[in-house]
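Student: Before anything else, here's the structure in question.
The values are calculated or read from the model by the stated rules, or taken from the named source; none is laboratory data. Worth saying up front: this structure is predicted, and the values here are computed from it rather than measured. Cβ atoms come from the backbone with ideal geometry, glycine included; neighbour counts cover every protein chain shown.
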Amino acid sequence: MIDLALKPKSALIAAVDEQDGESEPALDELALLLSNLGVPVVGRVLQKRRTPDPATFIGKGKAAEIKEFAFGLGANLLVVDDELSPTQRSNLGAVTGLEVWDRAFTIMMIFEQRANTAEAKLQVELAMLRYEIPSLKGLGHQMSRLGGGIGTRGPGETEFERHRRKLERRIKFIEKNLKDVRNRRRQYRYRRSRDGADVVSLVGYTNSGKSTLLRSLSGDNSIKAEDRLFSTLDTVTRRVDVPSGDSFLLSDTVGFIRKLPPELIAAFRATLEEASGADLLLIVADASSPTPMRNFDVVLDTLRDIEADEIPRIVVLNKIDRVSEESVFISAGLESKGEDVARVSALSGEGLPELILRINERIKEVLD
Ligand SMILES: Nc1nc2c(ncn2[C@@H]2O[C@H](COP(=O)(O)OP(=O)(O)O)[C@@H](O)[C@H]2O)c(=O)[nH]1
Ligand SMILES: [Mg+2]
């Protein structure tokens, strides 16, 4: 993979502005993603057009402008806030002379840096391989065309084919490995439910405060919570005691984000499924985010993807210490959609005793 330490990058970020008011916050988030990789953003480009250009995504004229712009700013990387096809990526690279990433690749790079267990590493590798294969197909095809006339095999093709087959074998190997993990997890969940433990899972947008909440509710201060995106790629479970003497298990896992690459969702299915097996979900939402409702919708979409949208839930509107007044409005908005909302600050502890009681009540309802 690309070694960030060897080649310092500075990025220009670009998006197609569909004029729905979402492009600026989306670019802010992309800049945040890149800063999590230590890549500074030196310029932004918004291209107004209704639909992306199939050949270059932002349009050929705009791509030529970007080349000039990047030269002036000393940027060597172009990051587009969307998913690029292999053709778009290579065309954009050719026109601008820049290295080109898309949003999916950027997110995968962060996952790659954060993965520190064998399982998370395999999951990221699988997502990367699946992401890479289509572009290899494209390249192989181009090379074979360069190689000669109709009916002859290009010199590059066999080499690419061999490489591709190698990657496909590796994919099979990892898939088999992860399938075993998935089965073990399923058996473990089954045992746990047979033993009568109630399981509550934390889900939510990345950086919403899931790990902080687990730390505060369980009292385990060794749990890491950081202002870094995707610092948790594995599942962490702790017991939470209720004053009445009851207790439940609370699980924290990987966070969601807008346009989470499907390759990552597929690869992290075993981890994400931890949520699908829960008795109750806590959807943690950051009340101080510039786009709390939009983020909430992304979380619901992802829950649908992992078939966890029918599980009873409480929306935990977090970080109210930062935005006390606004949080009341956000809470009302969510309640009008039929959500059960609890306003808390995982950091200051405000609202947490009430939340524990509410969780306990809801678990009893669910299990009745
Ligand atoms: N002000 C404030 N910050 C919080 C609160 N909860 C979490 N944070 C901060 O938000 C950042 C992300 O928290 P974390 O628990 O790692 O989020 P996760 O990605 O959802 O697990 C950290 O810097 C936390 O200190 C809160 O209630 N209030
Ligand atoms: Mg976390």
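Student: Filter the range 186-201 for residues that are more than 16 Å from ligand 1 (Cβ to nearest atom) and touching a helix residue (DSSP H, G or I) at 6+ places or on another chain (Cβ under 6 Å) and give the result.
Tutor: The one that is more than 16 Å from ligand 1 (Cβ to nearest atom) and touching a helix residue (DSSP H, G or I) at 6+ places or on another chain (Cβ under 6 Å): Asp198.
Student: I'd like to verify a number: residues in the range 284-305 that are of a type in the set (Val, Ile, Thr), within 16 Å of ligand 2 (Cβ to nearest atom) and in a loop (DSSP other than H, G, I, E, B), how many?
Tutor: Selection size over the range 284-305: 0.
Student: Looking at (1) in a helix (DSSP H, G or I); (2) more than 16 Å from ligand 2 (Cβ to nearest atom), can you tell me which one Asp321 breaks?
Tutor: Tallying (1) in a helix (DSSP H, G or I); (2) more than 16 Å from ligand 2 (Cβ to nearest atom), Asp321 fails exactly one: (1).
Student: Looking at Gly255, Gly204, Gly245, Gly219, which is the one that is assigned by TED's automatic domain parsing to the domain that holds Ala278, at positive phi and near ligand 1 (Cβ under 8 Å from one of its atoms)?
Tutor: Exactly one of Gly255, Gly204, Gly245, Gly219 is assigned by TED's automatic domain parsing to the domain that holds Ala278, at positive phi and near ligand 1 (Cβ under 8 Å from one of its atoms), namely Gly204.
Student: Here's another thing I want to ask about it. Starting from residues that are more than 27 Å from the chain's Cα centre (by Cα) and buried (at least 22 other Cβ atoms within 10 Å of the Cβ), keep the ones in the range 63-94 and report whichever is nearest to Leu34 (Cα to Cα).
Tutor: Ala70
Student: Can you pull out every residue in the range 206-251 that is under 16 Å from Asp286 (Cα atoms) and among the acidic types (Asp, Glu)?
Tutor: Glu226, Asp227
Student: Continuing with the same structure: Could you give every pair whose Cβ atoms fall below 6 Å, whose first residue belongs to the range 289-301 and is in the same structural domain as Val341 (by TED's automatic domain parsing) and closer than 15 Å to Leu317 by Cβ, and whose second residue is crowded, with 18+ Cβ neighbours inside 10 Å and of a type in the set (A, V, I, L, M), counting only separations of at least 6 or pairs across chains?
Tutor: Cβ pairs passing all conditions: Pro292/Ala285; Pro292/Ile330; Phe296/Ala285; Val299/Ile283.
Student: If Leu214 satisfies all but one of (1) in contact with a helix residue (DSSP H, G or I) (Cβ under 9 Å, 6 or more places away or on another chain); (2) within 12 Å of ligand 1 (Cβ to nearest atom), what's the number of the condition it fails?
Tutor: If we test Leu214 against (1) in contact with a helix residue (DSSP H, G or I) (Cβ under 9 Å, 6 or more places away or on another chain); (2) within 12 Å of ligand 1 (Cβ to nearest atom), just (1) comes out false.
Student: Which of (1) more than 16 Å from ligand 2 (Cβ to nearest atom); (2) in a loop (DSSP other than H, G, I, E, B); (3) among the polar types (S, T, N, Q) does Ser331 not meet, given it meets every other one?
Tutor: (2)
One line per residue, one yes/no per condition, for (1) farther than 21 Å from Ile107 by Cα; (2) in contact (Cβ under 8 Å) with a residue 12 or more places away in the chain; (3) touching a His at 6+ places or on another chain (Cβ under 7 Å); (4) surrounded by fewer than 20 Cβ atoms within 10 Å (Cβ to Cβ):
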residue: Thr158; (1), (2), (3), (4): yes, no, no, yes
residue: Arg165; (1), (2), (3), (4): yes, no, no, yes
residue: Asn177; (1), (2), (3), (4): yes, yes, no, yes
residue: Tyr188; (1), (2), (3), (4): yes, no, no, yes
residue: Gly219; (1), (2), (3), (4): yes, no, no, yes
residue: Arg239; (1), (2), (3), (4): yes, yes, no, yes
residue: Ser251; (1), (2), (3), (4): yes, yes, no, no
residue: Phe268; (1), (2), (3), (4): no, yes, no, no
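Student: Kindly indicate whether any position in the range 286-294 is in contact with a strand residue (DSSP E or B) (Cβ under 7 Å, 6 or more places away or on another chain), at negative phi and among the charged types (D, E, K, R).
Tutor: Within the range 286-294, one or more residues are in contact with a strand residue (DSSP E or B) (Cβ under 7 Å, 6 or more places away or on another chain), at negative phi and among the charged types (D, E, K, R).
Student: State whether the residues of the range 314-332 include one that is surrounded by fewer than 16 Cβ atoms within 10 Å (Cβ to Cβ), under 19 Å from the mean Cα position of the chain (by Cα) and within 16 Å of ligand 1 (Cβ to nearest atom).
Tutor: No, that holds for no residue.
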